[in-house]
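To start, the structure itself, in structure tokens.
The values are calculated or read from the model by the stated rules, or taken from the named source; none is laboratory data. Keep in mind that this is a model prediction, so the values were computed, not measured. Virtual Cβ from ideal backbone geometry, glycine too; neighbours counted across all protein chains shown.
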Amino acid sequence: MRVKRVKGKDRRLVPIPDELRDSLREVVTLLAEADADPEIYLDFDDAIQVGALCGGRCGPASHPFVFTYFPSGDWTRRRWHLSLHRAEIEDIAEGRMVEILMYCCKAQNCQCKFRDESYDCFYCDWENEEDVQRFNARLAELAKRVASKEDGIKGYLALNPEAGVSSVIADYNPIRGLGERLGWFTVDEVETLLDKCRRSAD
């Protein structure tokens, strides 16, 4: 059985590949056809299958078009999960938008990218239950030894070098008594300590 354990992701601007731009040009054509023909129904998750994209109009009002982009040559650990407004689709297709802000997996063997921070990676964020239990046991032992939040972050990075803010908080909060003993983390505090500990380790 696999269980979810979310890792941190890098938030960065990513250049838009020509292949993705070409596929979104096809989407623009399809949307124009759907505007003219009410029989074209796009409101489900694989209604649009063009070029290197699969998706549909099934997201929230702010970004209703949800796609998975499959870069040529690798349909597994390079997927992009995109949520876009129609104006963004048109801007990308017409070359006005050349970069897009994405949350990118940190693992060297995974190049999956996500437009929405809440998405999880099938490859990086899900683990075998036995591995998670072993990790949690090591984390519980670490929690008994640490005397400060900074010590906790250093030890945590030894167990999970790709840690991000969300994974630190998600793993720290459930440890019984730790928050009461050392205090609860804020997001800004975790960001600061992760940066400090990584720099001191270099």
Looking at Tyr41 and the list (1) touching a residue at least 60 places away in the same chain (Cβ under 8 Å); (2) over 27 Å from Phe122 (Cα atoms), which single condition is not satisfied?
(1)
Which of the numbered conditions does Leu101 fail, given that it passes all the others? Conditions: (1) within 18 Å of Lys7 (Cβ to Cβ); (2) touching a residue at least 60 places away in the same chain (Cβ under 8 Å); (3) of a type outside the set (D, E, K, R); (4) not in a helix (DSSP H, G or I).
(1)
Write out, first by first residue and then by second, each pair whose Cβ atoms fall under 6 Å of each other, whose residues are 6+ apart or on separate chains, and whose first residue, in region 179-202, is under 18 Å from Ser166 (Cβ atoms) and assigned by TED's automatic domain parsing to the domain that holds Lys149 while the second is surrounded by 13 or more Cβ atoms within 10 Å (Cβ to Cβ) and β-branched (Val, Ile, Thr).
Phe185/Ile169; Val187/Val165; Val190/Val165; Val190/Val168; Glu191/Val165; Leu193/Ile153; Cys197/Ile153
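Kindly indicate whether any position in region 81-98 is under 25 Å from Cys124 (Cα atoms) and assigned to a loop (DSSP other than H, G, I, E, B).
For region 81-98, residues under 25 Å from Cys124 (Cα atoms) and assigned to a loop (DSSP other than H, G, I, E, B): absent.
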Answer yes or no as to whether Val6 is within 23 Å of Leu101 (Cβ to Cβ), in the same structural domain as Lys106 (by TED's automatic domain parsing), touching a helix residue (DSSP H, G or I) at 6+ places or on another chain (Cβ under 7 Å) and not in a loop (DSSP other than H, G, I, E, B).
no
Within region 59-73, is there a residue that is of a type outside the set (D, E, K, R) and touching a residue at least 60 places away in the same chain (Cβ under 8 Å)?
no
Filter region 9-65 down to the residues that are of a type in the set (Ser, Thr, Tyr) and not in a helix (DSSP H, G or I), then identify the one that is surrounded by the most Cβ atoms within 10 Å (Cβ to Cβ).
Tyr41
Could you check region 177-198 and list, in sequence order, the residues that are farther than 17 Å from Ser148 by Cβ and more than 23 Å from the chain's Cα centre (by Cα)?
none
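When region 166-176 is examined, which residues are found to be in contact (Cβ under 8 Å) with a residue 24 or more places away in the chain and more than 21 Å from the chain's Cα centre (by Cα)?
First, pick out the residues of region 166-176 that are in contact (Cβ under 8 Å) with a residue 24 or more places away in the chain: 166-168, 170-171, 175.
Listed by number, the list holds a single entry, Ile175.
The rows are residues; the columns are (1) over 15 Å from the mean Cα position of the chain (by Cα); (2) at positive phi; (3) surrounded by fewer than 12 Cβ atoms within 10 Å (Cβ to Cβ).
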site	(1), (2), (3)
His85	yes, no, no
Ile89	yes, no, no
Gln108	no, no, yes
Asp116	no, no, no
Glu127	yes, no, no
Leu142	yes, no, no
